[in-house]
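Contents: one structure, followed by commentary.
The values are calculated or read from the model by the stated rules, or taken from the named source; none is laboratory data. Quantities reported herein were computed from a predicted structural model and do not represent experimental measurements. As a convention, Cβ positions derive from the backbone with ideal geometry for all residues, glycine included, and neighbour counts pool all protein chains shown.
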Amino acid sequence: MARARSTYVCQNCGAVTQRWAGKCEACGEWNTIIEEAAALGVGGAAARKGLAGRPFALESLSGESKPVARIVTGISELDRVAGGGFVPGSATLIGGEPGIGKSTLLIQACAALARAGGRVVYVSGEESTEQIRLRAARLGLSSAPVQLAAQTLVEDIVATLGSGETPKFVILDSIQTLWCDAVESAPGSVSQVRAASQALIRYAKSSGAAVIMVGHVTKDGQIAGPRVVEHMVDAVMSFEGDGAHAFRVLRATKNRFGATDEIGVFEMTGAGLAEVANPSALFLAGRDVAAPGAAVFAGVEGARPVLVEIQALVAPSTLGTPRRAVVGWDSSRLAMVLAVLEAHGGLKLGQHDVYLNVAGGLRIGEPAADLAAAAALISSLVGVALPHEAVYFGEIALSGAVRAVGHAGLRLKEAAKLGFSKAFAPAGAAKDEDGDRVTPVASVASLVADIAAAGVASGGKKRR
Ligand code: TYD
Ligand code: MG
């Protein structure tokens, strides 16, 4: 009989090699390759031993299922992103840059839940219990009956959680600091992160506790460690924001129990994270309505409309190759809009520096922002302020046509709610009840003509 062979499998990407190596050739990770007994396949070992699998009963789709009672933290922005509260027995991974406020958000959620009753456990591998207490005291949460621990050994943590009443909410801050005794590599290594998350996910499924794991992110914003952890958990959220602004956005990138494009908006204050129920008002605060180069974009994040200001500065360049700089938007998207404005709008931008900024630090991914960006660019170039009571949305095609985008009704409603009485939108966006509030824009050429005409009508001078 042939000797049972072993293969070497990368624990990060799953690549299989015939020989051990320090670095996986497939994904570039170090120390992720371990020896595994080669699988014999169905009918291999079992068939030789004369064992057969046991058949099990199959079920129909229409079976009885109890509606799950979700664990609602009371922090509605967090509950919304979780899909209306956390599902018992689920595992969630929350990623974000250091200092963005993950620990703050989670201790606030713990305190709110603990006050409502039930066992809530917060395990930190990063901070001592004194540090967590200090933060809780600063947030006025000291009296909440949260159970605290500064521990990192997964076996001990699972044993502790397993003794006594089943917790309903467990935080592990962070997954990179945990380690399993059974695994030999250092905490934070791929195999440790993988083993620790496996143990905790198994604990969540078997106990019914909602387990939340904090994950560090790498420089490019990915959650560090094996990508497989993202596949194993039920939900992945990322907490974003930039240091210069107080607001933070929580985004679901994966959710087995809810929508993935939902966002929660928070503001970092002296007393912790405050929910922002009306993000548009926050993003539009401090707007200079008389200045050229600013357009309000009626965007949609998840199921929620968000109005943001898009600012552009187009100025004659002294450089051989003019500068193009974008903050909060895709730079290739800007290049495309500029090319369309030149080709179909008759604008000459080749000798101009172009800067585009999404106010407030929000990152926009929607193509619907094209029209607002184009309006801001044209407005800055010709030196004519756009009507201050107008919003813009629509996707620009390479042909110069303005194409329809989803959720037009939602965008118009939010704009009306915040006092914007006009909207420039793709043809067909307006319903009868919108009356003449909505100006259809068919192409970038007509947008350019409109803005230039408004400048002439108001006596605006063309800036050079
Ligand atoms: P933290 O929750 O520790 O971030 P993370 O766990 O994501 O690393 O948040 C730390 C930052 O938040 C810190 O820079 C200070 C700021 N902060 C406030 O502005 N107000 C507060 O009430 C708290 C607790 C923190
Ligand atoms: Mg932290």
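Is at least one residue of region 189-212 small (G, A, S), within 16 Å of ligand 2 (Cβ to nearest atom) and in contact (Cβ under 8 Å) with a residue 40 or more places away in the chain? Reasoning before the result, please.
Within region 189-212, the subset small (G, A, S) is 189, 191, 195-197, 199, 204, 206-210.
Restricting the remaining residues to those that are within 16 Å of ligand 2 (Cβ to nearest atom) gives none.
Taking every residue of region 189-212 in turn, none turns out to be small (G, A, S), within 16 Å of ligand 2 (Cβ to nearest atom) and in contact (Cβ under 8 Å) with a residue 40 or more places away in the chain.
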Quick one: L356 ticks every box in (1) over 15 Å from V296 (Cβ atoms); (2) in a strand (DSSP E or B); (3) modelled with pLDDT of 95 or more bar one, so which box is it? (1)
Among the residues of region 150-158, is any in contact with a Ser or Thr (Cβ under 8 Å, 6 or more places away or on another chain) and part of a helix (DSSP H, G or I)? no
Exactly one condition in (1) crowded, with 16+ Cβ neighbours inside 10 Å; (2) at negative phi is not met by G101; state its number. (2)
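Per-residue answers, yes or no, for (1) modelled with pLDDT of 95 or more; (2) assigned by TED's automatic domain parsing to the domain that holds F257; (3) within 20 Å of A271 (Cβ to Cβ):
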site: R80; (1), (2), (3): no, yes, no
site: G84; (1), (2), (3): no, yes, no
site: P98; (1), (2), (3): no, yes, no
site: A109; (1), (2), (3): yes, yes, yes
site: R115; (1), (2), (3): no, yes, yes
site: G118; (1), (2), (3): no, yes, no
site: V121; (1), (2), (3): yes, yes, no
site: S124; (1), (2), (3): yes, yes, no
Suppose the filter is away from ligand 2 (no atom under 16 Å from the Cβ), touching a residue at least 60 places away in the same chain (Cβ under 8 Å) and within 21 Å of G270 (Cα to Cα); does S76 pass it? yes
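For every residue, the table says whether it meets (1) part of a strand (DSSP E or B); (2) touching a strand residue (DSSP E or B) at 6+ places or on another chain (Cβ under 9 Å); (3) assigned by TED's automatic domain parsing to the domain that holds A449; (4) of a type in the set (V, I, T).
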position: V289; (1), (2), (3), (4): no, no, yes, yes
position: A312; (1), (2), (3), (4): yes, yes, yes, no
position: L319; (1), (2), (3), (4): no, yes, yes, no
position: P322; (1), (2), (3), (4): no, yes, yes, no
position: A325; (1), (2), (3), (4): yes, yes, yes, no
position: W329; (1), (2), (3), (4): no, yes, yes, no
position: S332; (1), (2), (3), (4): no, no, yes, no
position: L338; (1), (2), (3), (4): no, yes, yes, no
position: K348; (1), (2), (3), (4): no, no, yes, no
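Every residue, every condition in (1) of a type outside the set (G, A, S); (2) in contact with a Pro (Cβ under 6 Å, 6 or more places away or on another chain); (3) crowded, with 19+ Cβ neighbours inside 10 Å, yes or no:
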site: V276; (1), (2), (3): yes, no, yes
site: A298; (1), (2), (3): no, no, yes
site: E301; (1), (2), (3): yes, no, yes
site: I310; (1), (2), (3): yes, no, yes
site: G346; (1), (2), (3): no, no, no
Of all residues in region 120-135, which are within 12 Å of ligand 1 (Cβ to nearest atom), of a type in the set (S, T, N, Q) and over 26 Å from G208 (Cα atoms)? Q131
One residue is enough: does region 109-122 have a residue meeting the conditions at positive phi and without any contact (Cβ under 8 Å) to a residue 24 or more places away in the chain? yes
Kindly indicate which of K462, K417, K431 is modelled with pLDDT under 90, loosely packed, with under 14 Cβ neighbours inside 10 Å and under 15 Å from V296 (Cα atoms). K417
If you check T129, T152, which single one turns out to be under 28 Å from the mean Cα position of the chain (by Cα), within 16 Å of ligand 2 (Cβ to nearest atom), at pLDDT 90 or above and in the same structural domain as I212 (by TED's automatic domain parsing)? T152
Boolean, G258 is within 16 Å of ligand 2 (Cβ to nearest atom), modelled with pLDDT under 90, in a loop (DSSP other than H, G, I, E, B) and under 19 Å from the mean Cα position of the chain (by Cα): no
Boolean, A144 is within 16 Å of ligand 1 (Cβ to nearest atom), under 23 Å from A109 (Cα atoms) and free of Cβ contacts under 8 Å to residues at least 40 places away in the same chain: yes
Modelled with pLDDT under 90, assigned to a strand (DSSP E or B) and within 16 Å of ligand 1 (Cβ to nearest atom), is that true of G264? yes
Considering only residues that are buried (at least 20 other Cβ atoms within 10 Å of the Cβ) and under 20 Å from A210 (Cα atoms), which ones fall in region 180-198? V193, R194, A195, A196, S197
